[in-house]
Amino acid sequence: MRMGFRWYGEGNDSVSLKQIKQIPGVETIVWALHDMQAGEEWPMEKILEVKQQAEHYGFTIDVVESVNVHEDIKLGLLSRDRYIENYKRTIEKLSRAGVKVICYNFMPVFDWIRTDLYKELEDGSTALFYEKSKVDNIDPIELVNKIANNPDYTMPGWEPGRLENLTKLFDAYKGVTEEDLFQHLRYFLEGIIPVCEENDIKMAIHPDDPPWPIFGLPRIITNQANIKRVLKLVDSPYNGVTLCSGSLGSNPSNNLVNMVKEFAGRIPFAHVRNIKVYENGDFIETSHRGQDGTVDIVGIMKAYHENGFNGYIRPDHGRHIWDEKCRPGYGLYDRALGIMYLLGIWDSLGRQLPLTYESIIH
């Protein structure tokens, strides 16, 4: 298991590489070029700039999260081939820089949905919160204005430029079904996976967050059966999944431990985070500690350990604690605590020995 930490880049993150260096066990930076628009080919000089910054502190840049997929690809438009070609060229450049995994998603319009970025928990910390009744009844434009209006940091997937044509996007998706989305994903994967195989880069699709349709938009990376189908669209070890315990865990019917066991050989990258799910469908981010939420964090880590997981992993969204001013969900303190919790579980699993008579008497 190789531990990573998501970093948004110099001048775009409250957390510095110097601070990340002081978290035990972190080997790689999970990064992206956040100023690039979906569909653009990434410039080599910008990629190498991040590489140089990371290597100065002894980090690799093995995982990119994300190279965003243009909406024309998701919609299956004739213009998609141009954007797929740009994606291929970006894959080739990232390979030359040493990248091993690209995390991406295939969610229409929105990368993720929350209704509150700073919902207060019982302990006084704040966290990302999803209120089901509000999503069921709110105008998506109103939600966009609330989430995107963050004065200090743009939110990934909610960049103003990306959402300025929201009404046109919703119109474009009218009539697009889940089956259409599967076929558009197949076309995309058939185009890029041969390039990934040639350049030794694994694609790892991120589950939909949350894993159900929102605002009438189809979503397909939602459960064990659908992930299995995606992996078979192009049956290659380079077509993998970013198994995110928080995204999938917001639906209590998803068995995360079973997913780890079934897809172990196709998980090059994992997000491990905890959430508390309420009976009415609301959920909130919590600490990574298993007892604080609904997700079986210990069971998930045990499944990874038992299946010899040697991919990349990172703590996902953290609470905002100790009055830290940071990008919502991406502060230093709670994610660092999460890393130490995950490594503590992992280390303890590595030390467990079979119970024998000799071990008992000694």
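Quick grid of which residues meet (1) at pLDDT 95 or above; (2) surrounded by 10 or more Cβ atoms within 10 Å (Cβ to Cβ); (3) of a type in the set (Gly, Ala, Ser):
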{"site": "Arg319", "(1), (2), (3)": "yes, yes, no"}
{"site": "Pro328", "(1), (2), (3)": "no, yes, no"}
{"site": "Ala336", "(1), (2), (3)": "yes, yes, yes"}
{"site": "Thr356", "(1), (2), (3)": "no, no, no"}
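If you filter the stretch 278-291 down to residues that are hydroxyl-bearing (Ser, Thr, Tyr) and within 18 Å of the chain's Cα centre (by Cα), you find that the one that is farthest from Asn137 (Cα to Cα) is Ser287.
Output the number of residues of the stretch 214-228 satisfying the condition of being surrounded by fewer than 15 Cβ atoms within 10 Å (Cβ to Cβ) and among the basic types (Lys, Arg).
Looking only at the stretch 214-228, we keep the residues that are surrounded by fewer than 15 Cβ atoms within 10 Å (Cβ to Cβ), and these are 216, 225, 228.
Then drop every residue that is not among the basic types (Lys, Arg), which leaves 228.
Adding up the residues that qualify gives 1.
Only one of the listed residues (Asp292, Asp296) is surrounded by fewer than 21 Cβ atoms within 10 Å (Cβ to Cβ), more than 22 Å from Phe5 (Cβ to Cβ) and acidic (Asp, Glu). That residue is Asp296. The condition (being at pLDDT 95 or above and either over 30 Å from Thr28 (Cα atoms) or surrounded by 15 or more Cβ atoms within 10 Å (Cβ to Cβ) (or both)) is satisfied by just one residue among Ile91, Ile147, Ile113: Ile91. Listed conditions (1) at pLDDT below 95; (2) under 30 Å from Ser253 (Cβ atoms); (3) more than 18 Å from the chain's Cα centre (by Cα); (4) not in a helix (DSSP H, G or I) are all met by Thr294, apart from (1).
Using the structure shown, decide if Asp235 is among the acidic types (Asp, Glu), outside any helix (DSSP H, G or I) and at pLDDT 95 or above. Show your work before the answer.
Values: among the acidic types (Asp, Glu): yes; outside any helix (DSSP H, G or I): yes; at pLDDT 95 or above: yes.
For Asp235, the condition - among the acidic types (Asp, Glu), outside any helix (DSSP H, G or I) and at pLDDT 95 or above - is met.
Of the residues Tyr8, Tyr57, Tyr83, which single one is under 22 Å from Ala172 (Cβ atoms) and aromatic (Phe, Trp, Tyr)? On inspection, the qualifying residue turns out to be Tyr83. Scanning the stretch 238-283 for residues that are within 14 Å of Asn223 (Cβ to Cβ), in contact (Cβ under 8 Å) with a residue 60 or more places away in the chain and not hydroxyl-bearing (Ser, Thr, Tyr) yields a count of 1.
The values are calculated or read from the model by the stated rules, or taken from the named source; none is laboratory data. Just so it is clear, the structure is predicted and the values come from calculations on it, not from any experiment. A quick note on method: Cβ atoms are made from the backbone with ideal geometry, for glycine too, and the neighbour counts reach across all protein chains shown.
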